[in-house]
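Engineer: Quick one: this structure, given as C-alpha cells, is what I'll be asking you about.
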Amino acid sequence: MKYILILLFIVFTSFDLPETSVYICASTGAKKYHFKETCRGLSSCSHETVKTSLKQAQGLGLTLCGWED
C-alpha cells in the first residue's frame, strides 16, 4: 500500500499544468493583468495589449484586475 501511494504521488506531481495565459497593457505604468482580452480594465489601455503567462505577469509585480474578481 505504501508503494502504491508513493507511485501515485510521483505520477501526479510529475505532470506540469498548462500555463495560464493573461493579458497586460504594454504601458510602463501597468499594474494589473487580465484573464480576458475584452476585460473592462483594458479599455483604458492606450498601448498595445500583450498576451503573456500568468507567472510572467506576477513576476513583473502585476496583480489581478478588480473587474475580474
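Coordinate-derived values only; no laboratory data. In this text, all values refer to a predicted model and were calculated from it rather than measured experimentally. All Cβ positions, glycine included, derive from the backbone under ideal geometry; neighbour counts span all protein chains shown.
Engineer: What is the extension gain from Lys36 to Lys55, computed as 0.36 nm multiplied by their sequence separation minus the C-alpha to C-alpha distance, in nm to one decimal?
Structural biologist: Between Lys36 and Lys55, full extension yields 5.2 nm more.
Engineer: Sticking with this structure for a sec: Once both labels are modelled 7 Å past Cα along the beta-carbon direction, what's the Thr63-Ser43 spacing in nm?
Structural biologist: 2.3
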